[in-house]
1. On the basis of being among the small types (Gly, Ala, Ser), farther than 20 Å from residue 216 by Cβ and not in a strand (DSSP E or B), does residue 2 make the cut?
2. Please go through (1) open to solvent by 30 Å² or more (accessible area, probe 1.4 Å); (2) in contact with a Leu (Cβ under 8 Å, 6 or more places away or on another chain); (3) farther than 30 Å from residue 354 by Cβ for residue 163 and return the number of the only condition it doesn't satisfy.
3. Which ones in the range 131-157 are over 17 Å from residue 189 (Cα atoms) and either at pLDDT 95 or above or part of a helix (DSSP H, G or I) (or both)?
4. Can you pull out every residue in the range 300-332 that is under 13 Å from residue 237 (Cα atoms), in contact (Cβ under 8 Å) with a residue 12 or more places away in the chain and either open to solvent by 70 Å² or more (accessible area, probe 1.4 Å) or part of a strand (DSSP E or B) (or both)?
5. Within the range 7-116, which strands (runs of 3 or more DSSP E) (wholly inside it) include 3 or more residues that are under 27 Å from residue 132 (Cβ atoms) and in contact (Cβ under 8 Å) with a residue 24 or more places away in the chain?
6. If residue 181 passes every condition in (1) in contact with a helix residue (DSSP H, G or I) (Cβ under 8 Å, 6 or more places away or on another chain); (2) surrounded by fewer than 18 Cβ atoms within 10 Å (Cβ to Cβ); (3) of a type outside the set (Gly, Ala, Ser) but one, which one does it miss?
7. For the range 98-115, what are the residues that are under 21 Å from residue 182 (Cα atoms) and crowded, with 18+ Cβ neighbours inside 10 Å?
8. Just the residues that are over 22 Å from residue 222 (Cβ atoms) and in contact with a Cys (Cβ under 8 Å, 6 or more places away or on another chain), please, taken from the range 320-358.
Amino acid sequence: MAAVNISAVHKRFGQTEVIRGVDVGIADGEFCVLVGPSGCGKSTLLRMIAGLEEITEGEIAIGGKVVNNVRPKERDIAMVFQNYALYPHMTVRDNMSFALKLAKRSSADIAQRVARAAEILGLSSYLDRYPRQLSGGQRQRVAMGRAIVRDPQVFLFDEPLSNLDAKLRVQMRTEIKELHQRLRTTSIYVTHDQIEAMTMADRIVVMRDGIVEQSGNPLALYDTPANTFVAGFIGSPAMNLLPGIARVNGAAPSVEFEGGVRLPMPASARATDGQPVLYGMRPEHCAVANGQGLPAEVIVVEPTGADTQLFCRFNGQEVSSLVRDRTDCRAGDRIGLVPDLARAHLFDVATGTRLAAG
């Protein structure tokens, strides 16, 4: 196992800069998830860690050793790809042992490593089958087994679950998390799915346009997003962000919305009087009440059994509320939406930065 340190890393393809000064420190044994929309640079960064892309500027160190000029096979990493990348003419056993044979490991060592990985992944009874005889989830386990047998310092996962159906994705992310808890090998995982990031990561790195917007443990990012991008990207359903004007002259600081409606300022927020702001409240922190809060019209009601999501409209903008109890709200109803002031946020309209009390 080893720590991975990414220092002031840039990547250019011609005149196009896709990674712009990324600094990330990943601790020994940590499960780090790089998350962001398509094109944000997360897969490029992973490929630079693997040595599959050259670094234009900066340094990447694995286990304290700078690996900028180290060939991929000498970096002691193992990568699990989106498309499994299995040899179709080889059995599961041969797929898992192929890299060990190239490294000229002894037959006894290879057999022991393959047997151990197969037992961990529940593949012991499939070792003599071919990839075409396996389900998608089983093929992904084989790809993971091929990485495990190498006993690397670092595992790299490049969107490994994106080809699986929804139910299997949930099962496999649980298995990958359990695998990490057992092996404690430093792991870097790329996904565009923020639910995967939230449920699997020790640390999340949120990327956009080649930069890191915020890095930290999942609940820290969820509870205290640094800006509107992180607030909108982390969490499902997404945080409500409503434009208003800060009013702080007087005994009770508030935010005024179009039409004169006001809400108390969030407990942890500070703004100057007249400052244009975005009032952020997550749907589950937005309670339904009559005659209080934001007057909104219910547009759609989505019951799921465990809770009910209300899609509403206020001042022409969609606002959602996640109600944990059953509700008798119907489309067309007029309701009030009241934020939990301890969990609401303010963001600056111009910069998107969260306005926190000093």
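The values are calculated or read from the model by the stated rules, or taken from the named source; none is laboratory data. In this text the structure is predicted, and so the values were computed from the model without any measurement. Glycine also receives a Cβ, built like all others from the backbone with ideal geometry; neighbour counts cover every protein chain displayed. We work out accessible area using only protein heavy atoms, side chains counted, and drop any ligands, DNA or RNA first. Shrake-Rupley method; radii C 1.70, N 1.55, O 1.52, S 1.80 Å.
1. The answer is yes for residue 2.
2. If we test residue 163 against (1) open to solvent by 30 Å² or more (accessible area, probe 1.4 Å); (2) in contact with a Leu (Cβ under 8 Å, 6 or more places away or on another chain); (3) farther than 30 Å from residue 354 by Cβ, just (2) comes out false.
3. Residues satisfying the conditions are 131, 132, 133, 136, 137, 138, 139, 142.
4. 308, 309, 310, 311, 318, 319, 320, 321, 322, 323
5. Hits in the range 7-116: 77-80.
6. Tallying (1) in contact with a helix residue (DSSP H, G or I) (Cβ under 8 Å, 6 or more places away or on another chain); (2) surrounded by fewer than 18 Cβ atoms within 10 Å (Cβ to Cβ); (3) of a type outside the set (Gly, Ala, Ser), residue 181 fails exactly one: (1).
7. Within the range 98-115, 110, 113, 114 meet the criteria.
8. Selection gives 335 alone.
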